[in-house]
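Read the structure below first, then the notes.
No lab work stands behind these numbers, since they all come straight from the coordinates. All values reported here derive from a predicted model rather than from experimental measurement. Don't worry about glycine lacking a Cβ; one is built from the backbone with ideal geometry, like all the others, and counts go over all protein chains shown.
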């Protein structure tokens with residue numbers, strides 16, 4: 001993200017469900033200097049509004065584009081536990097950078113998705 005190694009980050013973990021079943025677990029990292037107060041937003045807010053809409057409305061950073069690496073891999077222990085699957089079961093892994101104006105990255109995300117019974121649709 002073009003930040004210094006010691007720069008503080010906010011870590012935001014989210015779980016997306018399909019009919020009471022967790023299907024995507026993601027962890028986003030946001031530079032603390034850009035998003036002061038994001039840790040004060042109640043988790044229930046993100047059930048009503050997306051992270052990107054919240055970032056645009058509250059911090060003035062519209063998402064212009066994303067870059068993603070997509071593949072399959074075994075989930076780390078936390079992702080397997082949250083998704084209620086065995087660690088030896090491959091999942092879809094998406095590693096992403098979100099950019100705002102002037103090609104400035106502001107979010108790094110790791111997402112793990114279970115896709116055996118559902119496909120994941122993303123629209124940008």
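Computed over the chain, the P(r) tail beyond 27 angstrom holds 20 percent of alpha carbon pairs.
Residues 89, 102, arranged from fewest to most other Cβ atoms within 10 angstrom of their Cβ, appear as 102, 89. Here the relative contact order of the chain, from alpha carbon pairs under 8 Å that lie six or more residues apart, stands at 27 percent.
Does anything in segment 60-77 have its amide N under 20 Å from the 7 Å Cα→Cβ label point of residue 122, and if so which residues? Output list for this probe position: 61-76. Segment 78-117 and segment 17-52 have Cα centres separated by 13 Å. One chain, two ends: residue 19 and residue 87. Fully extended at 0.36 nm per residue, the span grows by 22.2 nm beyond their Cα-Cα distance.
If packing is taken as the mean number of other Cβ atoms within 10 Å per residue, what is the order of 106-112, 27-33, highest first?
Per-residue mean Cβ counts within 10 Å order the peptides as 106-112, 27-33.
Between residue 73 and residue 40, full extension at 0.36 nm per residue minus the direct alpha carbon distance yields a gain of 8.6 nm.
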